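Encoded as structure tokens, the structure appears first; notes follow it.
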Amino acid sequence: AEVRTTDGRRYPILGVTTRKGSWDLAVVRAAIPPEKSRPVIIRTDPPVEGEYVVAVGNPGGFDASFSDGIISAIREFSNLTMIQITAPLAHGSSGGPVVDGNGRLLGLAMSVITAGHSEDYYGFAISIRHLRDLAPIPLTSLADWRIPDEETNGSRPSQPIPVTEASTDRYDRAIVLV
């Protein structure tokens, strides 16, 4: 497996450092040279309703697509703080950063809820504060990585992740560490 940057360069993924199966999220380490990476500035103060946001993703395979909107609400679901946003999200946006007007990371795009009509659309990002709480695991090869059943509430069997291009859609939310 590999990471492809917006300038078209490809770097191998060295392994998984953190994961949360119930969120379908993996944090991976990639072999990106330090001079080719930039630090992400994480927002430390809580987001505010009405605040301008930008979501970055790859909807429909269109790399590095930006959409903007506002924070329409801060919601709590099962002890998770979710940021409801009006910035359009589509398949391929999951796991992409949601940043404030100063480019500081607020969270990761996680889900879209539609209710009947196309105008009934709700996009959500998981707050960055939850991502900081994920416990690191020893660096694990993608080929050997398994999602324990208890993390998925039994929704999928514990099995190795095949490292193929086609399998990357199954775990489409990822944070890449250098």
- Item | Of all residues in the range 14-53 being open to solvent by 40 Å² or more (accessible area, probe 1.4 Å) and within 16 Å of the chain's Cα centre (by Cα), the one that is modelled with the lowest pLDDT | Ser22
- Note on the structure: Exactly one of Gly69, Gly123, Gly95, Gly107 is modelled with pLDDT of 75 or more and either open to solvent by 70 Å² or more (accessible area, probe 1.4 Å) or in a loop (DSSP other than H, G, I, E, B) (or both), and that one is Gly95
- Message: Condition check: more than 30 Å from Pro138 (Cβ to Cβ), open to solvent by less than 40 Å² (accessible area, probe 1.4 Å) and outside any strand (DSSP E or B). Does Pro88 satisfy that?
- Response: no
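The values are calculated or read from the model by the stated rules, or taken from the named source; none is laboratory data. Computed from a predicted structure; not experimentally measured. Every residue, glycine as well, gets a Cβ built from its backbone with ideal geometry; the counts of neighbours run over all protein chains shown. We work out accessible area using only protein heavy atoms, side chains counted, and drop any ligands, DNA or RNA first. Shrake-Rupley method; radii C 1.70, N 1.55, O 1.52, S 1.80 Å.
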